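This report refers to the structure that appears directly beneath it.
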Amino acid sequence: MTHQVPTARPRRLRRSPAMRRLVSETRLHAADLVLPMFVKEGVDEPAPITSMPGVAQHSMDSLRRAAVEAAEAGVGGLMLFGVPATRDAVGSCATEPDGILNAGLRALVEEVGDDVVVMADLCLDEFTDHGHCGVLRADGTVDNDATLARYADMALAQAETGAHLLGLSGMMDGQTAVVRAALDGAGHTDVSLLAYSAKYASSFYGPFRDAVDSALQGDRRTYQMDAGNRREGLREATLDLAEGADVVMVKPAMSYLDVLSDVAAHSPVPVAAYQVSGELAMIEAAAAQGWIDRRRAIEESLLGIRRAGADMTFTYWATEVAGWLR
């Protein structure tokens, strides 16, 4: 009995590591990786975050050291989050010139500002005693427009530190337009804006709440997006583009690759994706049990994000992966 010989043999292009490398459609580059970092007020040594293996709340000195390490590895950017010692209802520390986030930003600009893009998280959740991303009304709901005024003040304070890019992560309606107008009005026309356009209310943020000592009670479902909504992700990105966003983001990455692909297909500006704390925690936990190959899982997860359309990826493994890519 004769059998039919295949006429197409795609396996030819998989026959050796050299061949697979040559024909690879998607590659990782250190310059496309952004390292999120945490700096905590009142500590002298970095404090490991138990739910995020390998990640720490930095002291000012360890922040500088880690930033230099990332820059030397070739990482493209650093996104800084501040963890203050005191909080209040309006997040006053966020706009204090010497508050922990603004002090940390100045340190990063001084240390590595010529080598990487220094990014500031522009949101109130780390600074409020209720843990929400904005100012609350008397009934406990987030007041969108009152929050925008705080964001404008926060943007000016961050721009004064020399930060190159501000990450608008609060998911308030109109935030990109308000912040852009505030910056331009104060002469900060060169400061870029990254809009967290499609930021979903995700269970995968859990470990991050440990990282910033979150005071949140309840949830953020009245302003972060519903997990089932795909079209709305593109709508949010389109609105931010119209308001002047220089970069748009989808967050989290892993569970929202369809949304990331949609946004990347339509966006005329660079698209970012955030590999969030829960994504890190799952891989680290499974690898610690010996259930998966840690390095291969990390690389595959980042390739998937890149393949879906991300021009840059925020990942806590940025420095480590950049070292692998040398």
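Side notes on the structure shown:
Here's the yes/no breakdown for (1) over 23 Å from Tyr196 (Cα atoms); (2) more than 16 Å from the chain's Cα centre (by Cα); (3) at pLDDT 95 or above; (4) not β-branched (Val, Ile, Thr):
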residue	(1), (2), (3), (4)
His29	no, yes, yes, yes
Leu35	no, no, yes, yes
Ser51	yes, yes, no, yes
Leu80	no, no, yes, yes
Gly91	no, yes, no, yes
Glu96	yes, yes, yes, yes
Leu101	no, no, yes, yes
Ala107	yes, yes, yes, yes
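- Residue that is farthest from Asp121 (Cα to Cα) [pool: residues in the range 64-96 that are charged (D, E, K, R) and in contact (Cβ under 8 Å) with a residue 40 or more places away in the chain]: Glu69
- Residues that are among the polar types (S, T, N, Q) and within 17 Å of Gly99 (Cα to Cα), drawn from the range 51-68: Gln57, Ser59
- Hits in the range 161-184 (condition: more than 30 Å from Asp258 (Cβ to Cβ) and either touching a Leu at 6+ places or on another chain (Cβ under 9 Å) or of a type in the set (Val, Ile, Thr) (or both)): Thr161, Gly162, Ala163, Ala182, Leu183
- Segments classed as strands (runs of 3 or more DSSP E), wholly inside the range 40-136, with at least 2 members that are open to solvent by 10 Å² or more (accessible area, probe 1.4 Å) and not β-branched (Val, Ile, Thr): 56-58
- Count of residues meeting criterion [more than 15 Å from Asn102 (Cβ to Cβ), open to solvent by 30 Å² or more (accessible area, probe 1.4 Å) and part of a helix (DSSP H, G or I)] in the range 144-183: 8
- The selection criterion, being more than 21 Å from the chain's Cα centre (by Cα), of a type outside the set (S, T, N, Q) and farther than 19 Å from Ile298 by Cα, does not hold for Arg64.
- Checking each residue in the range 317-326 for being farther than 23 Å from Tyr256 by Cα, assigned to a loop (DSSP other than H, G, I, E, B) and modelled with pLDDT of 95 or more picks out only Leu325.
- Conditions (1) modelled with pLDDT of 90 or more; (2) β-branched (Val, Ile, Thr); (3) over 20 Å from Asp143 (Cβ atoms); number of the one not met by Val212: (1)
The values are calculated or read from the model by the stated rules, or taken from the named source; none is laboratory data. Since this is a predicted model, take the numbers as computed values, not measurements. All Cβ positions, even for glycine, are placed from backbone atoms using ideal geometry, and neighbour counts span all protein chains on display. To get the accessible areas, we keep the full protein, side chains included, count just its heavy atoms, and leave off ligands, DNA and RNA. Shrake-Rupley method; radii C 1.70, N 1.55, O 1.52, S 1.80 Å.
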